[in-house]
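Below is one structure, written out as structure tokens; the observations come after it.
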Amino acid sequence: MKHVIRMVLSVCLSVGCASMLRAQEQSVPMVLQITREWVKPGRAGTAHEKTEGAFVEAMRKAKWPTNYLALASMSGRSRALFLTSYATFEAYEKDTAAVAKNTTLSSAVDNAYLADGELLEGLDQAVFYYDPDKSMNAHADLSPFRFYELTLFHVKPGKNKEWGEVVKMVKEANAKAVPDAHWGTFYQAFGGDGDTYLVITGHKSLSEVDKGFAVDGKKFEAAMGEEGMKKLNEMYADCVESSSQQLFSVDPKMSYVNEEWIKADPAFWGGK
């Protein structure tokens, strides 16, 4: 049962990471690209922020329209994530091609990679596709959030239908017990194992995590009832091969966000 409860806590009071500034679920871009940098011991923090600052400065000088959000690990191996969203794969293609054609920007990015690479043990990338059926009340404005939980669920081969039923049960119970719950779910389309789903949970402060454990989880259990929780736990065990959950904080110095975010909170984002 603890696995299912952990799943519930990971999505309660959350926000789907799908767009930089959009208010409605129907406008959530479908494609989420994540670059993951594995940072050498002792090279995270100020040292990494300095090399990543070169990327941010290059984007600002080019007045590049595509923004990205940087997250620094608070659990697990030292690493940083860079999240960029697109409305479509075609938009992703055009943005990549445009960077390559802009010789000034691409040269600055190449130089930044050389310096940044000295701090890294490795780098990988993955592309995810938004799954609205497995999301609930997904919000797209990420500007207020300072912490994120990222949960990966690896579904057993041939068990996607059962996985969908598990998520449906969770959504229905949340609608009764925690109606203001929000989360966004993304299917890993490229760059990893098959049948992998990513749930991204945003928090304004970690006190929301306290509330999830102390209050929302209990409300969910009460709404499901003992028999309902038993059934949910059995179904979860039958269709989920493994799951992992990590905690990250937003790093404003490594993020390239739009001016509206900076003006809304210049003290955090470093605006004047």
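If you go through segment 58-66 one residue at a time, do you hit one that is of a type in the set (G, A, S), over 22 Å from Q246 (Cβ atoms) and either surrounded by 20 or more Cβ atoms within 10 Å (Cβ to Cβ) or at pLDDT 95 or above (or both)?
Yes, some residue in segment 58-66 is of a type in the set (G, A, S), over 22 Å from Q246 (Cβ atoms) and either surrounded by 20 or more Cβ atoms within 10 Å (Cβ to Cβ) or at pLDDT 95 or above (or both).
Here are the criteria: (1) surrounded by 20 or more Cβ atoms within 10 Å (Cβ to Cβ); (2) touching a Phe, Trp or Tyr at 6+ places or on another chain (Cβ under 6 Å); (3) modelled with pLDDT of 95 or more. Tell me which single one T84 does not satisfy.
Failed condition: (1).
Here are V215, V209, V199, V178: which of them is closer than 30 Å to D251 by Cβ, of a type in the set (V, I, T) and without any contact (Cβ under 8 Å) to a residue 12 or more places away in the chain?
Going through V215, V209, V199, V178 in turn, just one is closer than 30 Å to D251 by Cβ, of a type in the set (V, I, T) and without any contact (Cβ under 8 Å) to a residue 12 or more places away in the chain: V215.
Yes or no: V240 crowded, with 16+ Cβ neighbours inside 10 Å and not acidic (D, E)?
Answer is yes for this residue.
Select from segment 149-183 the residues that are touching a Phe, Trp or Tyr at 6+ places or on another chain (Cβ under 7 Å) and within 22 Å of K219 (Cα to Cα) and write down the one among them that is surrounded by the fewest Cβ atoms within 10 Å (Cβ to Cβ).
A177
Select from segment 119-142 the residues that are more than 29 Å from A175 (Cα to Cα) and in contact with a Lys or Arg (Cβ under 8 Å, 6 or more places away or on another chain) and list them in ascending order.
Passing the criteria: L119, L120, E121, L123, D124, Q125, A126.
Sort out which residues of segment 234-267 are among the acidic types (D, E) and more than 25 Å from H154 (Cα to Cα), and write them in order of number.
D251, E259, E260, D265
Could you list, in sequence order, all residues of segment 106-147 that are within 25 Å of W183 (Cα to Cα) and of a type in the set (A, V, I, L, M)?
The answer is A126, V127, M136, A138, A140, L142.
Restricting to segment 233-272, name every residue that is touching a Pro at 6+ places or on another chain (Cβ under 8 Å) and more than 21 Å from L206 (Cβ to Cβ).
G270, K272
Out of everything in segment 17-40 that is at pLDDT 95 or above and of a type outside the set (A, V, I, L, M), what residue ends up being farthest from K134 (Cα to Cα)?
Narrowing segment 17-40 to residues at pLDDT 95 or above: 31-40.
Okay, now just the ones that are also of a type outside the set (A, V, I, L, M), so 33, 35-38, 40.
Details: Q33: 19, T35: 23, R36: 24, E37: 28, W38: 29, K40: 36 Å.
The residue in question is K40.
K171: in contact (Cβ under 8 Å) with a residue 12 or more places away in the chain and either of a type in the set (G, A, S) or more than 17 Å from L32 (Cβ to Cβ) (or both), yes or no?
In short, yes.
The values are calculated or read from the model by the stated rules, or taken from the named source; none is laboratory data. Note that this is a predicted model, so its numbers are computed, not measured. Cβ sites come from the backbone with ideal geometry, for glycine too, and all protein chains shown count toward neighbours.
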